[in-house]
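Okay, structure first, notes after.
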Amino acid sequence: MRSFIEFVRRQAPIVYVGSVKEVRVVQRTKFDITAKAVVDVKAVIRTIGSDPHHSNIEYSSYDEQTPMLEGGPQYQLRPGVSVLAFANSFDARIPPGYLVHGDRQELVQRVDALRDALSRMSPDQLKVNEITENDRRFQMSLHEKLSSSLRATK
């Protein structure tokens, strides 16, 4: 079966790096917190339109009062945290999409690990994950651009 996460990263029309500026709770229930982060966009790697200066990401979260759900994904974003977003728009809900967060160096390490794992896949592993050579080349190029942007972003 195709790696779902790799598929999401491959198909996302918007890919960008940013820094969380503000986080607001949109809704709180006994089981979940819906939060919205305002992100200062630092670098746009892939887009289908203009490059905005800010984006909004709505996501599921948790805290001391609302425990983490089984099966996620849930995030705890805070102002100043770096994010790498694979999304459908600059005003997105995750999921669908894919979000990586942490300090800039952690994101560099994650992107480099993704690139390295993809580069080491054997033809059989590519086939099992339904990744074509074209997909691999496309994603490797994306990971290189992300790594360069993250290293250059302050």
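The values are calculated or read from the model by the stated rules, or taken from the named source; none is laboratory data. If you're wondering where the values come from, they're calculated on a predicted model, not measured in any experiment. A quick note on method: Cβ atoms are made from the backbone with ideal geometry, for glycine too, and the neighbour counts reach across all protein chains shown. Just so you know, the surface numbers come from the protein's heavy atoms only, side chains and all, with ligands and any DNA or RNA stripped out. Shrake-Rupley method; radii C 1.70, N 1.55, O 1.52, S 1.80 Å.
From the list T34, T29, the lone residue that is among the hydroxyl-bearing types (S, T, Y) and more than 16 Å from A92 (Cβ to Cβ) is T29.
Scanning the stretch 1-43 for residues that are among the basic types (K, R) and closer than 15 Å to L84 by Cα, which turns out surrounded by the fewest Cβ atoms within 10 Å (Cβ to Cβ)? It would help to see each step written out before you state the result.
Here is the first cut: in the stretch 1-43, the ones among the basic types (K, R) are 2, 9-10, 21, 24, 28, 30, 36, 42.
Checking which are closer than 15 Å to L84 by Cα leaves us with 9-10, 21, 42.
On the way: R9: 20, R10: 16, K21: 13, K42: 18.
Of everything passing the filter in the stretch 1-43, K21 is surrounded by the fewest Cβ atoms within 10 Å (Cβ to Cβ).
Open to solvent by less than 70 Å² (accessible area, probe 1.4 Å) and touching a Pro at 6+ places or on another chain (Cβ under 7 Å), is that true of P52? When the stated conditions are applied, P52 does not pass them. In this structure, does V128 turn out to be over 15 Å from A12 (Cα atoms), β-branched (V, I, T), open to solvent by 90 Å² or more (accessible area, probe 1.4 Å) and modelled with pLDDT under 95? Yes.
Checked against (1) under 21 Å from R28 (Cβ atoms); (2) at pLDDT 90 or above, Q65 passes all but a single condition, namely (2).
Looking only at residues in the stretch 60-116 that are open to solvent by less than 40 Å² (accessible area, probe 1.4 Å) and in contact with a Lys or Arg (Cβ under 7 Å, 6 or more places away or on another chain), the one that is farthest from D32 (Cα to Cα) is V108. Note on the stretch 4-117: enclosed strands (runs of 3 or more DSSP E) holding 3 or more residues that are in contact (Cβ under 8 Å) with a residue 60 or more places away in the chain and under 23 Å from L146 (Cβ atoms) are 14-28, 33-46, 82-87.
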